Amino acid sequence: MQGGNNGPVITTGAVLTITIVCVGIIAFFLFGIPRYKVWQQEMKGRAELAQAEQNRQIKIEEAKANLEAEKLNAEAEVVRARGAAEAIKIENGSLTPTYIQYLWVRQQNTSANKVIYIPTEAGLPILEAKSE
């Protein structure tokens, strides 16, 4: 008996196929991965740009809302001043001590925890008093 080939036989086609697959894998690592990284960075940049644009739009809308609020506050102040001017006209242009006292009492009812200075006999204010 002569020694025969008992092992697997590798044909030229199989060697060619394995070579092509190996070259394809190497080509992918050499060219595909760098291109993917460039594409990935481009997508990241686009996402950051979109986020920056959105943040800019939010700031613009907040500024518009603040402007509108300030305009409304200014209008309210004008209305309040007109009301005060009209009240003074009703008083014939003079503020009586009684009317001033009324305004002071009315103001005290609208706000809490205010410091009030009341002169004493020596002309010095009472620095602290507690109400219960």
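Where a number appears in this text, it was derived from the coordinates with a stated rule and is not lab data. Quantities reported herein were computed from a predicted structural model and do not represent experimental measurements. Because the Cβ atoms are built from the backbone with ideal geometry, glycine has one as well, and the counts that use them run over all protein chains shown.
Taking the Cα centre of each part, how many Å lie between segment 46-105 and segment 27-45?
Centre-to-centre distance over Cα atoms comes out at 56 Å.
What is the calculated FRET efficiency for ILE10 to ILE33, with r their C-beta to C-beta distance and R₀ = 30 Å, to the nearest 0.05?
0.45
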